[in-house]
Structures are given as C-alpha cells and as structure tokens.
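Chemist: There's a structure below that I have some questions on.
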C-alpha cells in the first residue's frame, strides 16, 4: 500500500509544453526531437529502428502520445496505467515531466532495449556518457588529489572536516553543469571551472548546515539520489569517498536508474564503468581513489541500488512505502540534479519564494537538494534575490549558471 505524504500547501498547476515561449515548450518541440535524432547518429541500430526514432522526432512538436505496444520491460503494465490519464493528448499538453520521462522510455521500446535479441540492454546514450567521462579527466585528477589531501588532513585534525565537506558539496553541486541532455560532450569540457568564482551564483547555500548535520549525525548512513554519469558522478563519488574514509559515514547508498533515461542519468553499470576507468589511469591519486571505492563496494559499505520508481513520471511525494521506509534509515538523503529537484516540487508552478520545507515535508529523513537551475521550477528564494538575478541574467532559470543547496532537516 502506498501512502503519499503530499506537501502542506495547495498544489499549483504542472509545467506543460504548450506554455508559449517557455523552456518547457523549447524542450518538447526542439530539444527532445534533437535527442531522438542523436540516438540515430550515435548508434548502429537497424533501419527500422532509425525510422521509428525519426518518426518520434517528427511527431513531438504537434503530435499525440503513442502507446507502448511492443515491449517486455518490467514496468510495461505500470506505464500503460500512467498513460491512461493522458490518452488522446498531445505531447505539448501533458505535464512536462511526464512527457520527458515517457519520451526516454519510448526510446527504449523503439530500440528493443528490453527485448531478447541484438539490441537487448544496449544503452542508446553510451557514447555520450563515456566521452563525457573521458573529456573530464583533466578535472578529475586535481579533484582526486585534493580529496586525498583532505583525508590526510582529517586524520591530523578533525576541524578540517567542515571545510572539506562544504567544498565537496559545492563540487557535487556544480558537477551537474555537464548534464549531457543539455550540453554536448563534444562542446568542450564544461567540468573545468573555478569553484570559488561560483559561490556568488549559489542562490541558497545551506552547505555549512549540511556539514554540521553530517558531522553530528548519530546514524551515519548517507543516501544519494544520483543524477548524471560522467564528471558529476565522480564529484558525487568523491563526497562518498570522503564520508566513508574519514569515518563520518558508516554506509552510503547510491540510488541509481534501472535503465537509460535523460541521456546522462547514471545506472549501476555506469558506476562500475567509471570506477574501472579511473582505476586504469596512470595517476596514483586517482587510482587510490578508485581502489577505495572498489573496497567499499566489496565490503558492503557502499551499496549500489536501483528501483523502477526513479524512472517513473511520479512526483517524489508518491514514493512507494517500501522505498520510503528504506530511506527512513538514512541520516541524510542527498538529492542531485535538476530533474530530481523538479520531482521534489512535483514539477509545478510554485511561487519562487514558497518555503521549500513546506513543499518537501514528506521525506522520512533529512534531505538536501544539490541543484543547478535548468528549468523554470524553484522555491525558497528571497524576492530581492529573484529581482536582482533576473535583471542580471534573463536566462537564470535555465542556463545552468545558478545553483541551490537547500536543506530540510
């Protein structure tokens, strides 16, 4: 039995693609067709598959939702129930998060991801994920060296822990800026940035409060609702490594996607690939970091898990009881990225000044959102900050240049 704990406040309407001039409209009518066509270019699928992908790209701007009809995925019947709500509707008229999530699920049906045969289990976004990781190696090397230094310092002086944690939280925040569904891995290495220069672009920064909670937590289990593979995943793993190696956490859970979605979202296989890639480099600090992760996975201190809920179109307040009860064991749930943030808020038109805690009051443990803004959904901003930022940057809601670290303790 699923018992939803919805926000305390009345729910505003969801974002939809028919909102003229919105980033939502741009995504459904332009970004999503381009992503479907990129799948054609970057894979060696059959002509029939490629023709179906092209048909999907063409129908998105003005066409109607198509059903799942030739699928053996475990979530097939669940998706058909979700689709009943929107039967006969256009892509641009259904809630945006539903449209996006279903779009990626439909790509898997078209490419025979779940069906026994040549294409079973083939990640249509594999090339972008691997190239994104490889392109960020020059940024990974100094980051791993810094983590090793922080671990050495923490053994000598525990007072260094808050400084390291705040910095690692900021790296985990800004690592999101290389999200491959928004930026191409071929457009340069967007993981190279000066963390200090980004501090002025954090609109809400609860990082120090989060570090205090982590240091003072009695249970010491940390859960990560993971977002992207590539450099962002490495940043997350650096935070995990520091928490486990310093003794600030006894166990860490990574909650990953059960199948490919949103181009760069991380799966269990992407974590293993990333660690293997790092372990094979010629840089000792990077190799030792990878080996620590391997040892923690082997010992059960680092748990990699997935669940169909993470690829569903549901708001986070609709989380199944079984998963919610599991998360109740956590000292802190770290929710990563823009899409997960949208789910925290139900992808709805909240007033930007609405209290974040009044919306995200349904989690069974403390939760912190680390998110760079890539959609027109945000809460808990001061009105004067909204006014100031909007004047200085007209695209502040969607260009990935602004971020939040928001804690509900």
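Read the figures in this text as sums done on the coordinates, not as results from a lab. Because the structure is a prediction, the values reported are computed rather than measured. Note: ideal-geometry Cβ built from the backbone for every residue, glycine included; neighbour counts use all protein chains shown.
Chemist: Can you tell me the FRET efficiency between residue 55 and residue 395 if r is taken as the Cβ-Cβ distance and R0 is 35 Å, rounded to the nearest 0.05?
Modeler: Details: r = 32 Å, r/R0 = 0.91.
Given R0 = 35 Å and the Cβ-Cβ separation, E is 0.65.
Chemist: A follow-up question, please. For Cα pairs less than 8 Å apart in space and 6+ apart in sequence, what is the mean separation divided by the residue count of the stretch 126-408, i.e. the relative contact order in percent? Before the final figure, lay out the partial values.
Modeler: Numbers: 477 pairs, mean separation 63.6, N = 283.
Relative CO of the stretch 126-408 lands at 22 percent.
Chemist: May I pose another question? Need the full-extension length gain, residue 351 to residue 308, defined as separation in residues times 0.36 nm minus the C-alpha distance. One decimal, nm. Each step should come with its number before you reach the end.
Modeler: Values: separation 43, 0.36 × 43 = 15.48 nm, distance 3.02 nm.
12.5 nm is the gain from fully extending residue 351 to residue 308.
Chemist: Which order results if 268, 359, 40, 69 are arranged by neighbouring Cβ count within 10 Å, fewest first? Walk me through the numbers before you get to the answer.
Modeler: Numbers: 268 15, 359 23, 40 18, 69 8.
Ordered from fewest to most neighbouring Cβ atoms within 10 Å, 268, 359, 40, 69 come out as 69, 268, 40, 359.
Chemist: Angle between the Cα long axis of helix 137-156 and the longest principal axis of the chain, 0 to 90 degrees, nearest 10?
Modeler: Its long axis makes an angle of about 40 degrees.
Chemist: Jot down the radius of gyration and Dmax of the stretch 1-155, Cα atoms only, both in angstrom.
Modeler: 20.0, 61
Chemist: In percent, how large is the relative contact order of the stretch 23-110, given Cα pairs closer than 8 Å and 6 or more residues apart? Working shown, then result.
Modeler: Working: 69 pairs, mean separation 32.8, N = 88.
Worked out over the stretch 23-110, it gives 37 percent.
Chemist: Relative to the first principal axis of the alpha-carbon coordinates of the chain, what is the inclination of helix 47-59, with its axis defined by its Cα atoms, in degrees from 0 to 90 and to the nearest 10?
Modeler: 90
Chemist: Applying 1/(1 + (r/R0)^6) with R0 = 45 Å to the Cβ-Cβ distance of residue 29 and residue 153, what FRET efficiency is obtained, to the nearest 0.05? Mind showing how you got there, number by number?
Modeler: Details: r = 51 Å, r/R0 = 1.12.
The computed FRET efficiency comes out at 0.35.
Chemist: Working out 0.36 nm times the residue gap between residue 272 and residue 294, then minus their Cα-Cα distance, what length gain in nm do you get to one decimal?
Modeler: Details: separation 22, 0.36 × 22 = 7.92 nm, distance 0.88 nm.
This chain segment gains 7.0 nm when fully extended.
Chemist: How big is the C-alpha Rg of the chain next to the rule-of-thumb value 2.2 N^0.38 Å, as a ratio? Before the final figure, lay out the partial values.
Modeler: Working: Rg = 20.6 Å, N = 409, 2.2 N^0.38 = 21.6 Å.
Scaled against compact globular proteins, the figure is 0.95.
Chemist: State the Kirkwood hydrodynamic radius of the stretch 323-362 in Å, one decimal place, computed from all pairs of distinct Cα atoms. If you can, show how the numbers build up before the last one.
Modeler: Numbers: mean 1/r = 0.0865 Å⁻¹.
Averaging 1/r across every pair of different Cα atoms and inverting gives 11.6 Å.
Chemist: Helix 32-42 against the longest principal axis of the chain: what's the angle in degrees, Cα atoms only, rounded to the nearest 10?
Modeler: Orientation of helix 32-42: about 80 degrees from the principal axis.
Chemist: At 0.36 nm per residue, and after removing the present C-alpha to C-alpha distance, how many nm does the segment from residue 93 to residue 163 gain when stretched out fully? Could the numbers behind the result be given before it?
Modeler: Values: separation 70, 0.36 × 70 = 25.20 nm, distance 4.63 nm.
Length gained between residue 93 and residue 163: 20.6 nm.
Chemist: So, in Å, what gap is there between the alpha-carbon centers of the stretch 22-47 and the stretch 320-378?
Modeler: 28
Chemist: How high is the FRET efficiency between residue 48 and residue 250 when r is their beta carbon distance and R₀ equals 56 Å, given to the nearest 0.05? Mind dumping the intermediate values first?
Modeler: Numbers: r = 51 Å, r/R0 = 0.91.
Efficiency, from the Cβ-Cβ distance: 0.65.
Chemist: Springs between alpha-carbon pairs under 10 angstrom, Gaussian network model over the chain: which of 27, 101, 118 fluctuates most?
Modeler: It is 118.
Chemist: If all Cα-Cα distances of the stretch 279-409 are sorted into 10 Å bins from 0 onward, what percent lands in each bin, rounded to whole numbers?
Modeler: Computed distribution, short to long bins: 11, 34, 28, 20, 8, 0.
Chemist: Sticking with this one: Just report the Cα centroid separation between the stretch 203-264 and the stretch 267-291, whole Å.
Modeler: Taking the Cα centre of each part, the stretch 203-264 and the stretch 267-291 sit 17 Å apart.
Chemist: Something else: Most exposed first by the Cβ proxy, i.e. fewest other Cβ within 10 Å, how do 350, 91 rank? Please report the intermediate quantities before stating the final value.
Modeler: Values: 350 21, 91 27.
In order of increasing Cβ crowding within 10 Å: 350, 91.
Chemist: Another question about this same structure. Name the most mobile residue of 393, 93, 347, meaning the one with the largest mean-square fluctuation, in a Gaussian network model of the chain with Cα contacts below 10 Å.
Modeler: Residue with maximal mean-square fluctuation among 393, 93, 347: 393.
Chemist: Turning to a different aspect of this structure: Rounded to the nearest 500, what is the 222 nm mean residue ellipticity of the chain from helices alone, with -39500 (n - 2.57) per DSSP H run of 4+ residues and division by all residues? Working shown, then result.
Modeler: Working: 16 runs with 178 residues, N = 409.
Using -39500 (n - 2.57) per qualifying helix, the result is -13000 deg cm²/dmol.
Chemist: Right, next: In whole Å, what are the Cα extents of the stretch 23-110 along the three principal axes, biggest one first?
Modeler: So the extents along the principal axes, rounded to whole Å, are 34, 33, 17.
Chemist: Let me ask something else about it. Using a 10 Å cut-off around each Cβ, can you sort 394, 55 from fewest to most neighbouring Cβ atoms? If you can, show how the numbers build up before the last one.
Modeler: Values: 394 10, 55 14.
Taking fewest neighbouring Cβ atoms as first place, the list is 394, 55.
Chemist: Then there is this: Sticking with the crude label model, points 7 Å out along Cα→Cβ, report the distance from residue 281 to residue 134 in nm, one decimal please.
Modeler: Taking the two extended label points, one gets 1.5 nm.
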